[in-house]
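In what follows, a structure is listed as structure tokens, so that the remarks can point back to it.
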Amino acid sequence: MQNIFLTIDASTIDWSRAQFALTAIYHWLFVPLTLGLAVIMGIAETCYYRTRKRFWKEVAKFWQKLFGVNFAMGVATGIILEFEFGTNWSNYSWFVGDIFGAPLAIEGIVAFFMESTFVAVMYFGWNKVSRGFHLASTWLTGLGATISAWWILVANAWMQAPVGCEFNPDTMRHEMVDFWAVAFSPFAVGKFFHTVVSSWIIGAAFVVGVSSWYLLKRREQKLAVESIKIAAAVGLIAALGAAFTGHVSGQQVAQSQPMKLAAMEALYRGGTDQGLTAVAWVSPFSQPDYQSEAHPPLQIEMPYALSIMATDDPHGFVPGICDLLDGYTRPDGTQEPSVEVKMARGREAIAALAAYRKAKAERAADHELAPLRATLAADMPYFGYGYIRERSEVVPYVPVCFWAFRIMVGLGCLFILFFAVMAAVAYRWPRLLMRRHDMTALPAWHYWMAIGMVPLAYIASESGWLVAEFGRQPWTIQDMLPTWAAVSDLHSSSVIITFLLFLLLFTTMLVVEINILFKQIKQGPGTALNEK
């Protein structure tokens, strides 16, 4: 692996990253709606179980029908995504497969089979099993999807902040030494809750949007109003939860991935008493000159907010891009080395590993291997830096991180307001203001506004993933393995062909899903509901 970044064509790396990003983006169009609709349909069926009213049964069946269409598409793209680890990222899979493969295997064996079992009962068990068992199956289908998300996010969180592993020089692989540290790392827990509640926002926005279309067309009005009541409450709780879990995730990023935080904030030179940038001019088309600029032009910030977000202390120290490149002294007095020092120590680790492997092959005595093991153990935290060619490579692309973060946060605040207003109108609170109007008698633009919130929910969700993944660059695994040392040694033409095929396939699948969803929505619940 020592010279792998010299032998693999740069275009292969770029196209492999593009193909994985394409698959992940399309996959994530389906997953959050699955997680969000699972909650809505579960609540609707719970209402049926408690009231025994046929109306609620038809409401639950209607949303389950839309859930099923989306669920099938998500499974198809997810399978392809996992295969790409072996095809396009074989060095990555070989280097850390013992760790990364475990949560994915559990996801496939436990969560996926759990979903598959109970989703069958949910769709085909009406009037064949008891109401209680059917209700349990509906909730367990959603729980299975959520558990599936848990293990996938455990794997992703480990890439962001690797824990519970040790490098074995005899096998040249990282091996898991603490399963529970990997499965329940603070980064994994924070990422899971933030991702799941964010998915509930998409599900709630989708239900409000579909229901608003019915109200706009003066159809299925009772179904629409009652569904909006459920979705507005779920959406408001989820939007507030996303704000809280986002704060927790921000603190974890500050501790484990300070360069990502600096890129998100376009923080070139850090310090104490740092303000959170509200707006600034960061060109979306080029990397800023962070070495010579003190801060972005036209910057407006909220005083002390970044220090509070990162450290819970308004006077806390937050390093900037240049601090992380040049090295700095932490508040506790310890020294963070410069990138050049990390690169040197990383190359020493690579050299020590090569010498160890050679000595091992020559059957050297243990006392001869001991110094090489000691050197390797001391420098292993910087192993990945040995593949860095110049220090600018460890700086993520600031424009994407900066603007995607602001889109995510700005739309998150908008959704708190949106769901609060929708809940107030749906529940007619305060009654003094709402006594002349309800959800069925609003101007048309209100309904169009609610429909327009659906794509905004997806934009906010995808922006969050852009921050998470672009902010980690150039690392496939943070500080451990850069992308050019993780990719498979393929010819770029092979990756380009499969990229174009996947683009055509996934786009076709998306068009088909949207077409089916629109037909099902236009058809409606298929049963005359009591509109009184």
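Using just the Cα positions, wrap the range 195-342 in a convex hull and report its mean projected area in square nanometres, one decimal place. Each step should come with its number before you reach the end.
On the way: hull surface 47.7 nm².
Across all orientations, the range 195-342 yields a mean hull projection of 11.9 nm².
Using the Cβ-Cβ distance between Asp332 and Ala377 with R0 set to 22 Å, the FRET efficiency from 1/(1 + (r/R0)^6) comes to roughly 0.40. Only helical runs count toward this figure. For the chain, summing -39,500 (n - 2.57) over DSSP H runs of n ≥ 4 and dividing by all residues gives -23500 deg cm²/dmol at 222 nm. Computed from backbone phi with θ = phi - 60° and the Karplus coefficients 6.51, -1.76 and 1.60, the 3J(HN,Hα) list for the range 365-381 is 6, 4, 5, 7, 7, 4, x, 5, 4, 5, 4, 5, 5, 5, 9, 4, x Hz; x is used for glycine and proline. Computed from phi, the 3J(HN,Hα) profile of the range 32-39 under the Karplus parametrisation 6.51, -1.76, 1.60 (θ = phi - 60°) reads x, 5, 4, 5, x, 5, 4, 5 Hz, with x in place of Gly and Pro. Mind checking the angle between helix 113-124 and the chain's longest principal axis? C-alpha axes, 0 to 90 degrees, to the nearest 10. Here the helix axis deviates by roughly 10 degrees.
Can you give me the Kirkwood hydrodynamic radius for the chain, using every pair of distinct Cα atoms, in Å to one decimal? Don't skip to the end; give the middle numbers.
Numbers: mean 1/r = 0.0396 Å⁻¹.
Here the Kirkwood hydrodynamic radius works out to 25.3 Å.
Note on Ser392 and Leu510: with the Förster distance fixed at 25 Å, the Cβ-Cβ geometry gives a FRET efficiency of about 0.10. Please say if the range 101-249 is rounded, prolate or oblate, where rounded means a/c under 1.5 for a ≥ b ≥ c the square roots of the C-alpha gyration tensor eigenvalues, and otherwise the choice is prolate for a/b larger than b/c and oblate otherwise? The shape class here is oblate.
Element breakdown for the chain at a 1.4 angstrom probe: carbon and sulfur atoms account for 66% of the accessible area.
In this simple spin-label model, placing a label point 7 Å from the Cα along the Cα-to-Cβ direction at both Ala344 and Arg52 gives a separation of 8.1 nm.
Taking each of Lys61/Lys519; Lys128/Lys229; Lys53/Lys519; Lys191/Lys342 in turn, the alpha-carbon distance tops 18 angstrom for Lys128/Lys229; Lys53/Lys519; Lys191/Lys342.
Proximity of backbone amide H atoms, modeled 1.01 Å from N, is registered between Gln299 and Trp281 at under 5 Å, excluding neighbours fewer than 5 places apart on the same chain.
Amide hydrogen proximity for Thr277: with H placed 1.01 Å from N in the peptide plane, the residues at 5 or more positions away or on another chain lying under 5 Å are Met302.
Over the range 338-444, average the accessible area per residue using a 1.4 Å probe and give it in Å², no decimals. All intermediate terms of the calculation are to be shown ahead of the outcome.
Details: 5640 Å² over 107 residues.
Spelled out: the 1.4 Å probe surface of the range 338-444, per residue, equals 53 Å².
Is the range 360-422 rounded, prolate or oblate when judged by the Cα gyration tensor, a ≥ b ≥ c being the square roots of its eigenvalues, rounded requiring a/c under 1.5 and prolate requiring a/b larger than b/c? It comes out prolate by the Cα gyration axes. Were the residues from Ala305 through Lys360 laid out at 0.36 nm apart, the gain over their Cα-Cα distance would be 14.5 nm.
Compute the angle between helix 54-87 and the longest alpha-carbon principal axis of the chain, please, reported from 0 to 90 degrees and rounded to the nearest 10. The helix 54-87 is inclined about 20 degrees to the chain.
With respect to the chain, whose longest principal axis is taken over its alpha-carbon atoms, helix 131-160 is tilted by about 20°.
If you add up the charges near Phe167, with Lys and Arg at +1 and Asp and Glu at -1, over every other residue whose beta carbon is less than 15 angstrom from its beta carbon, what do you get?
Values: positive: Arg173, Arg345, Arg357, Lys360, Arg373; negative: Asp98, Glu166, Asp170, Glu175, Asp178, Glu348, Asp379, Asp479.
My count for the surroundings of Phe167 gives -3.
Highest mean first, the peptides 311-324, 329-342 sorted by other C-beta atoms within 10 Å per residue fall in the order 311-324, 329-342.
The values are calculated or read from the model by the stated rules, or taken from the named source; none is laboratory data. Quick caveat: nothing in here was measured; it's all calculated off a predicted structure. All Cβ positions, even for glycine, are placed from backbone atoms using ideal geometry, and neighbour counts span all protein chains on display. Calculation scope for accessible area: heavy atoms of the full protein, side chains included, ligands and nucleic acids excluded. Shrake-Rupley method; radii C 1.70, N 1.55, O 1.52, S 1.80 Å.
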